[in-house]
1. Please report Rg over Rh for the stretch 201-243, where both radii come from the alpha carbon positions and Rh follows the Kirkwood definition.
2. With the Cα gyration tensor of the stretch 67-154 in hand, convert its eigenvalues to equivalent ellipsoid semi-axes via √(5λ) and list them largest first in whole Å.
3. Using 1/(1 + (r/R0)^6) with R0 = 30 angstrom and r between the beta carbons of ALA79 and PHE131, what's the FRET efficiency to the nearest 0.05?
4. First select every other residue whose beta carbon is under 11 angstrom from the beta carbon of ASP47; then total the charges, Lys and Arg +1, Asp and Glu -1.
5. Run the helix sum for the chain: -39,500 (n - 2.57) per DSSP H stretch of 4+ residues, divided by residue count, reported at 222 nm to the nearest 500 deg cm²/dmol.
6. Excluding ASP60 itself, calculate the net charge of residues whose Cβ lies under 12 Å from the Cβ of ASP60, where each Lys or Arg counts +1 and each Asp or Glu counts -1.
7. Where the convex hull is taken over the Cα atoms of the stretch 144-196, what is its projected area averaged over directions, in nm²?
8. By a straight-distance test (C-alpha under 25 Å), which lysines pair with LYS91 as possible cross-link partners, with residues fewer than eight away in the same chain excluded?
Amino acid sequence: MTPVHNEAENVAGLVETLADQHFQDFDWVVVDDGSTDDTVARLAAHDRARRARVVAKANDGGLIGGSAYTSWRFGVAAALAEREDHTHVMKLDADVRLAPDYLARVVPLARGDVGIAGGVIVSRGMAEQKFHVPGPVKLFTREAYHLAETLPAAIGNDVMDEVAVARAGLRTVVDPAARFTLARAIGASEGRVHGRFRNGRVCRWTGYDPAYFLLHAARYLVRRPWAVGTIAMLAGYLTAGPGPYEPGLKDAHRRMQRRKLAEAARGPIAFWRRAYRVEHP
């Protein structure tokens, strides 16, 4: 399921990446979240196989307001209502470009006690921890999706969903060999500075441990827009307020981060390799 808002420049690549997948046993719903450009027309022009089923929805607040998540859930509800035999649910953003074997690797992982599965970003300068499935490519079992569906439709949802399913006894698994790239910098659909501000707000809302947040912000000093982006992240964090997520979930997330900090303190190089090192193809 793909939520789109003014993604005219990205939909052709998205159609191509899905057409190239070795695994093809999926339905694709695209929710047009109030686009004001020709996103839908370009999608139709490139989707010659008519794989996508497009449904329309009014935009209700932009990224910080959570419109991408309400759109995603809107599309998932439409798909699940039509077919009760769907076993998995995936959020696939328009700027994602999957390796041809991505779905073939990831879909079989999400079963049993694995509720969320995914791969790793191999776009240079966008490395994320390999313990976490990035929001643009997150695959859920149906059970895990319904657990995550109880969370607020707000930014930070793609962090807290993994905490929520872990609390229910389900694991998140990342396959480092399942790879994808992004057509733009992660979190930059409304500009890099806005993305960093949003990142800071997410950190506050999801209960980041203060030491973990400072290390997280420092890591972005070496990514464009460098210091300006880090200042925007700090501003987002400091002005965010408590956010919509319940305290118990934030406490669970904070404990997870403290365990990672302890592991990194015991062996920083080994931790960095386990968390971030990806061999580029």
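1. 0.97
2. Taking √(5λ) for each eigenvalue gives 22, 16, 13 Å, largest first.
3. About 0.55, to the nearest 0.05.
4. Once all neighbours under 11 Å are counted, the net charge is +4.
5. It lands at -13000 deg cm²/dmol.
6. Within the 12 Å Cβ shell, the charges total +1.
7. Averaged projected hull area, Cα only: 4.9 nm².
8. LYS57, LYS130, LYS138, LYS250
The values are calculated or read from the model by the stated rules, or taken from the named source; none is laboratory data. Here the structure is a predicted model, which is why all the values come from computation and not from measurement. Methodologically, a virtual Cβ is constructed for each residue, glycine included, from the backbone with ideal geometry; neighbour enumeration extends over all protein chains shown. Side chains are part of the model used for accessible areas, which takes the heavy atoms of the whole protein and leaves out ligands, DNA and RNA. Shrake-Rupley method; radii C 1.70, N 1.55, O 1.52, S 1.80 Å.
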